[in-house]
Every structure is written in C-alpha cells, then in structure tokens.
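Readers should treat all values here as calculations from the given coordinates under stated rules, not as data from a laboratory. Predicted model, so just to flag it, every value in this text is computed and none were measured. Heads up, the Cβs are rebuilt from the backbone with ideal geometry, glycines too, and the neighbour counts pull from every protein chain shown.
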Amino acid sequence: MADTASLLIRDATDADIPAIVEIVNHAIRNSTSMWETHETTIAARLEWLHSSQASGFPVLVAETPDGHVAGYSSWKTFRPFSGYRHTVEHSLYIAPAYKRRGIGSALLQALCDRAKTEGVHVMIAGITSTNIASRKLHERFGFQHGGLLPECGTKYGRWMDLLFLYRIMSVS
C-alpha cells in the first residue's frame, strides 16, 4: 500500500470529468465491476455530476500530488421511495495505474465520513460476487453481507451474481 497521506480527497469539479470518463470507460471495456456495455461521454458524466451535486450527493475524487485523478467515489439514493431516504448506494472506481495503492481505502473512508456527517443511516455496496478485492475492502470498513442475487446481470456472455454489502453508519 502506498502512502496516501499526500492524496487530496475533494469534491469533484467539471475539470475532473475527463479523468472520470476514462476510469468509467476502462471499467466498462475491461471488467465486470460495472455492468454496462456502452461507454459514457463527457456530456453524460457532466450531467451526472451536476445532477448529483444538485441532489446533495457527493462525488469525491482522489487527486495525486502531481494533479492526476486516481479514482472517484459517489453515492445516490438506494431506491426512489421516501422510506429509503436515509439509505444510499455508493460507487467506487480506481484508475488502473493507481490500483492496490490504498486509494480505494482513502476514498471509501472519506465517503463514510461524509455519510456520517450528512445523516446517512445505511450505506450499501452492490458488487459483482467475483470481485474479491472490492468485497475485502468493504469488509475492512465494517460492511456486512446483505444478500446475493444470483444471475441478475450479464456481461461478456455470462450471467453474474450481485452481492449486496451494507454498513449501518449511525445507531438511532
């Protein structure tokens, strides 16, 4: 794990969108971590950023000392019904050149800290069941097994299982 003390975890800006698009499109093209087959665009991700910010949802980036965006994290409403208003589902993606350097941990810590200050009660992670690295990362942060949905997604011509992990952020 690299020294992450020199990382800057901050709210994303429009200037970060090209780097976020590269990270997302790499995940779309090369992994099953994102169950999407169509690459995104700068315009689509700008709309996502502005919509997220207008809804009060954070989009955080990890910036290296030399100014590169090494990864991002965000959350959105888990489901669109008022009873779920204190539950969010988050996303976390790291640029390929920066994986296994502690950046995912730094981003997840920052996102959890933000969740606590903003009154989020439960944070949910939806992870491809075969993504052991993501599962272990979340378990280190206190996320627990919440359920498995077999064969509910497909990519690369095969069915994939969705693992839900959750963490109760606040005790009421």
Residue (of 84, 132, 70) at the positive-pole extreme of the chain, dipole from beta-carbon charges: 132
If the cut-off is 22 Å between C-alpha atoms, which lysines fall inside it for residue 99, apart from same-chain ones fewer than 8 positions away? 136
I want to check the label-to-label distance for residue 36 and residue 82. Put each point 7 Å from Cα in the C-beta direction and report it in nm to one decimal. 3.1
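If you rank 11, 16 by fewest surrounding Cβ atoms within 10 Å, what's the result?
On the way: 11 12, 16 19.
Exposure proxy ranking, most exposed first: 11, 16.
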Would you mind ranking 46, 108, 137 by Cβ crowding within 10 Å, fewest neighbours first? 46, 137, 108
Please name whichever of 93, 122, 46 sits farthest to the positive end of the charge dipole of the chain, dipole taken about the Cα centre and charges placed at Cβ: Lys and Arg +1, Asp and Glu -1. 122
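Between rounded, prolate and oblate, where does the range 1-70 land on the alpha carbon gyration tensor, with a ≥ b ≥ c its root eigenvalues, rounded for a/c under 1.5, else prolate if a/b exceeds b/c? Working shown, then result.
Details: a/c = 1.98, a/b = 1.21, b/c = 1.64.
Oblate, because a/c is 1.5 or more while a/b does not exceed b/c.
Grab the DSSP H runs of the chain that are 4 residues or longer, score each as -39,500 (n - 2.57), total them, divide by all residues and round the 222 nm result to the nearest 500 deg cm²/dmol.
Calculated from helices alone, the mean residue ellipticity at 222 nm is -9500 deg cm²/dmol.
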Derived scalar couplings ³J(HN,Hα) [the range 31-44; Karplus, 6.51 cos²θ - 1.76 cosθ + 1.60; whole Hz; x for Gly, Pro]: 8, 9, 6, 10, 8, 10, 10, 9, 5, 8, 10, 4, 4, 5
Ratio of the Cα radius of gyration of the range 8-168 to 2.2 N^0.38 Å, where N counts its residues: 1.00
Per-pair calculated FRET efficiency, R0 = 22 Å: residue 68 and residue 29 via Cβ, rounded to 0.05: 0.65
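Figure the gain on full extension for residue 136 and residue 53 (residue separation times 0.36 nm, minus the Cα-Cα span) and round it to one decimal in nm.
Numbers: separation 83, 0.36 × 83 = 29.88 nm, distance 2.91 nm.
Full-extension gain reported as 27.0 nm.
Students often check this: by mean Cβ neighbours within 10 Å, which of 56-64, 69-77 ranks highest, and how do the rest follow? All intermediate terms of the calculation are to be shown ahead of the outcome.
Values: 56-64: 19.6, 69-77: 21.6.
Packing order, densest peptide first, comes out as 69-77, 56-64.
Quote the relative contact order of the range 8-168 in percent (integer), defining contacts as alpha-carbon pairs under 8 Å separated by 6+ residues.
That works out to 19 percent.
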In what sequence do 121, 138 fall when counting other Cβ within 10 Å, fewest first? 121, 138
